[in-house]
Amino acid sequence: MLASPSEYEERVNPDAGNTYGFLDLDEDCAGQLPPFVLPYNGIVESNPYAVAIVPGGWLVADAAGNSVIKVGANGRVSTVAVLPPVPQVVTQETVDQAAEFGLELPECVVGETYTGEPVPTDVEVGPDGHYYVSSLPGFPEAPGAGSVWRIDSRTGALTQVATGFSGAVDIAVAADGTIYVAELFAGQISAIAPGGGTSVVVQVDEPVALEIGPDGTLYATLGLEGPGVLVAITP
């Protein structure tokens, strides 16, 4: 074992300064809600979901920790960046879907904003040497709430590259700087052009992971619940 992200999370909790939940509800509506969707700060929770190799160590996207951390060659762990909370407007569809999973939300939350956890799902190193991170994000996982972020590898500064993705679970960065995004909930793979602008590359069933081969071919695994398949895509 090189390092324990969970031990680091317990000791540092990088997103402790983030506040999530329903932040601006009136007292009557807030009183009808379960405690875990009321305002809370980042909790101690870790799910190291993706890794990228960098000089002197590894980057880890901690989906539950809402952070990107670095593990040095000596095993020392440090925080690279904490992704910001994601405001999402709650719809009637959100309420109905929550009920299917046993979470009963009152009608008073429809039209209100829930500030969700960003949930970083992948981290990659771009040809410019900077780091690129996909954000799912978490509840209520509103369509179009996913984003791709750039982390300046020198300063740690965060910049939102693009947003509007539905279930951004993985990315791949091409040699020319094009960023491919696997949108699990939308059933598609999209591309962010180096100069900006997003387009759909292909509609596919449940894209889960992406990689780019040395010849520029895009490889994707499909099928969250199986049977899974591996496909090759020529962008």
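Laboratory data are not the source of any read-out in this text; all were calculated from the coordinates shown. What you see is a predicted model; the values in this text were computed from it and never measured. Ideal geometry is used to build each Cβ from the backbone, glycine not excepted, and the neighbour counts take in all protein chains shown.
Test of understanding: what is the full-extension gain from Ser4 to Ser199, defined as 0.36 nm times their sequence separation minus their Cα-Cα distance? Don't skip to the answer; put the middle values down first.
Details: separation 195, 0.36 × 195 = 70.20 nm, distance 3.78 nm.
Taking 0.36 nm per residue and subtracting the Cα distance, the gain is 66.4 nm.
Using a 7 Å offset from the Cα along the Cα-to-Cβ direction at both Arg11 and Asp26, what is the distance between the two label points in nm, to one decimal?
For Arg11 paired with Asp26, the spin-label model returns 4.8 nm.
Evaluate the Kirkwood expression for the hydrodynamic radius of the range 19-85, namely the inverse of the mean inverse distance over all pairs of different C-alpha atoms, and round to one decimal in Å. Please report the intermediate quantities before stating the final value.
Working: mean 1/r = 0.0717 Å⁻¹.
It works out to 13.9 Å.
Would you work out the relative contact order for the range 128-235, in percent, from Cα pairs under 8 angstrom that are 6 or more residues apart?
Details: 269 pairs, mean separation 17.6, N = 108.
16 percent.
Tell me, what is the percent relative contact order of the range 1-157, built from C-alpha pairs under 8 Å that lie six or more residues apart?
On the way: 335 pairs, mean separation 32.6, N = 157.
Once normalised by length, the contact order is 21 percent.
Which residue, Asp170, Asp15, Asp205, tops the fluctuation ranking in a GNM of the chain built on C-alpha contacts under 10 Å?
Taking springs between Cα atoms under 10 Å, the residue moving most is Asp205.
Could you point to the residue in Leu23, Val82, Ala99 farthest towards the positive end of the range 1-147's charge dipole, with +1 and -1 charges on the Cβ of Lys/Arg and Asp/Glu respectively?
So the residue we want is Val82.
If each residue of separation counts as 0.36 nm, what is the full-extension length gain between Val110 and Asn74 once their alpha-carbon separation is subtracted? List each step's numbers first, then the result.
Working: separation 36, 0.36 × 36 = 12.96 nm, distance 4.94 nm.
Contour length minus the Cα-Cα distance gives 8.0 nm.
From the convex hull of the Cα coordinates of the range 100-206, what is the mean projected area in square nanometres? Write down the numbers at each step before the final one.
On the way: hull surface 31.5 nm².
One quarter of the hull surface, i.e. the mean projection, equals 7.9 nm².
At 7 Å along the Cα-to-beta-carbon direction for both Ile233 and Glu45, put a label point, then send me their distance in nm to one decimal.
2.9
Which value at 222 nm does the chain reach when only helices count, each DSSP H run of 4 or more adding -39,500 (n - 2.57), with the total divided by all residues and rounded to the nearest 500 deg cm²/dmol? Provide the component values of the computation, followed by the final result.
Details: 3 runs with 21 residues, N = 235.
It comes out at -2000 deg cm²/dmol, rounded to the nearest 500.
For the chain, modelled as a Gaussian network with Cα springs under 10 Å, which listed residue fluctuates most, Ala157, Ala182, Ala209?
Taking springs between Cα atoms under 10 Å, the residue moving most is Ala157.
Rounded to the nearest 0.05, what FRET efficiency do Leu224 and Asp128 give with R0 = 35 Å and r taken as the Cβ-Cβ distance? Could you check? Present the calculation step by step, with values, prior to reporting the outcome.
Details: r = 31 Å, r/R0 = 0.90.
So, using R0 = 35 Å, E works out to roughly 0.65.
GluC sites (Glu not before Pro) within the range 1-109: which are DSSP loop residues with at most 15 other Cβ atoms inside 10 Å? Walk me through the numbers on the way to the answer.
Details: sites: Glu7, Glu9, Glu10, Glu27, Glu45, Glu93, Glu100, Glu104, Glu107; in loops: Glu45, Glu104.
Of the GluC sites (Glu not before Pro), the ones in loops of the range 1-109 whose Cβ has at most 15 other Cβ atoms within 10 Å are Glu104.
Expressed in nm², what is the orientationally averaged projection area of the convex hull enclosing the Cα positions of the chain? Please list the in-between numbers first.
Working: hull surface 55.2 nm².
If I average the Cα hull's projected area over directions, I get 13.8 nm².
Please check: in the Gaussian network model of the chain (C-alpha springs, under 10 Å), which one of Ala191, Ala73, Ala52 has the largest mean-square fluctuation.
For the chain, modelled as a Gaussian network with Cα springs under 10 Å, the answer is Ala73.
So for the range 155-235, what percent of the C-alpha to C-alpha distances run longer than 21 Å?
Values: 814 of 3240 pairs.
I get 25 percent for the Cα pairs in the range 155-235 exceeding 21 Å.
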